[in-house]
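For reference, the structure discussed in these notes is given below.
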Amino acid sequence: MVAVDFGGAGAGLGVAPGGVAERVRAAVRGRGGEAAGQLLLITVLYLGYRAGRLITADDTGRALVNAHRLLGLEDRLGLTDEQSVQALFVNREFLAVPANFYYAGAHFTVAVGVLLWLWTFRPEHYRWTRNLMVALTGTALVVHILVPLAPPRMLPDQGFVDLAARYGQSVYGDADSGGLSNQFAAMPSLHVGWALLLGVAVVAATRTPWRWLALAHPALTTLVVVGTANHYWLDTVVAVMLLAVSAVLHPLVVPAAATAWGVMGPLPPNPVPTSP
C-alpha cells in the first residue's frame, strides 16, 4: 500500500486510506464559522458576476462585429486559425463528445474540488488562490461589459461549427432565448484563466513529482475551448495576461502576512497541562 500525506505544508496529494477521516476531521475542526463565511463570500461574488454579465447579454450586433474584428486582428498577428484546431474534432464524435462534456463540466467541478482541498489542507495557499480568482473574474467582468464578443460557434459564415449543439451537450440555449446567461462573454476565457490558476496552485501547494500533471488541465482546457469553438486564441491570451497582472499586484494589495478576509486554518492543539 502506498501512503501519501495530505497534511502539512508542501506534502503530497494522497492519504493512507485508514487516516483519511481522521485527517479531514483534524483539518476542519473548529472551522465551521470560517467555512460559512467563505461560502457566503463566494456565493455573493458569483451572483454579482452573473448579474454583471447580463448587462450586455442582448448586445448581439456589437458582439458579432467585435468577433469579426477579432478574427481580423488574429490574422494580422499571424496566429493559427481556430478552424484548423476544430478540424480535429469535427466529424469525430468520439473526440467531440468528451470535449463538450469537459467544457461543460470540468470548469466548475475542478475549481470546487481544488478550492475545497486547498481550504481544508492548505489554507495558506487557498487564500492567494481565492484572491487571484476573484481578481481575475472581476477584471474579466469589466472586459465582458466593455467588449461584448460572440464566440466562434456563432460564426458559421467563418467555417465554425457549434459542436455542442451538433452532438447534444450544449449548455446554452439560443442567443435570443432570454435565458440567464450571456453568450457574448467570450473575452477573456475564464475557463483557461481558472484552469491555469488552479494548476499552478496545486503545483505550489504540493511536493510530489506528480504535481506537474496538474498543468495538463489548463493545456487540455485551452485545446477544448478552441476546438469546440467556444473561444478564440486571443481570449486565452488575454485571460493569461490578466492573471499574470493580478499575480504581480497581489502582494502589493494583500501583504504576505495578511490573512485577507478572515483568519484561516486549523486551530492549534490545546496545550497539555503539566504538573507544577
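For L223 paired with L79, estimate the spin-label separation in nm (one decimal), with each label point 7 Å from Cα along the Cα-to-Cβ line.
The two pseudo-label positions are separated by 1.9 nm.
Go ahead and run the numbers for FRET between L213 and T109, Cβ-Cβ distance against an R0 of 22 Å, rounding to 0.05. All intermediate terms of the calculation are to be shown ahead of the outcome.
Details: r = 17 Å, r/R0 = 0.78.
Computed FRET efficiency for L213 and T109: 0.80.
I'd like the accessible area for V44: 1.4 Å probe, protein heavy atoms, all chains in place, Å² to the nearest 10.
90
Hey, can you find the accessible area per residue of region 52-113 for me, probe 1.4 Å, expressed in square angstrom?
Values: 3560 Å² over 62 residues.
Accessible area per residue: 57 Å².
Between V203 and V248, what is the label-to-label distance in nm when each label sits 7 Å out along the Cα-to-Cβ direction?
1.9
Packing-wise, with mean Cβ within 10 Å as the measure, how do 32-42, 61-71 rank, highest first?
Values: 32-42: 12.8, 61-71: 16.8.
Descending packing order for the listed peptides: 61-71, 32-42.
The values are calculated or read from the model by the stated rules, or taken from the named source; none is laboratory data. Worth saying up front: this structure is predicted, and the values here are computed from it rather than measured. Methodologically, a virtual Cβ is constructed for each residue, glycine included, from the backbone with ideal geometry; neighbour enumeration extends over all protein chains shown. Please note that ligands, DNA and RNA were not included when accessible areas were found on the heavy atoms of the full protein model with its side chains. Shrake-Rupley method; radii C 1.70, N 1.55, O 1.52, S 1.80 Å.
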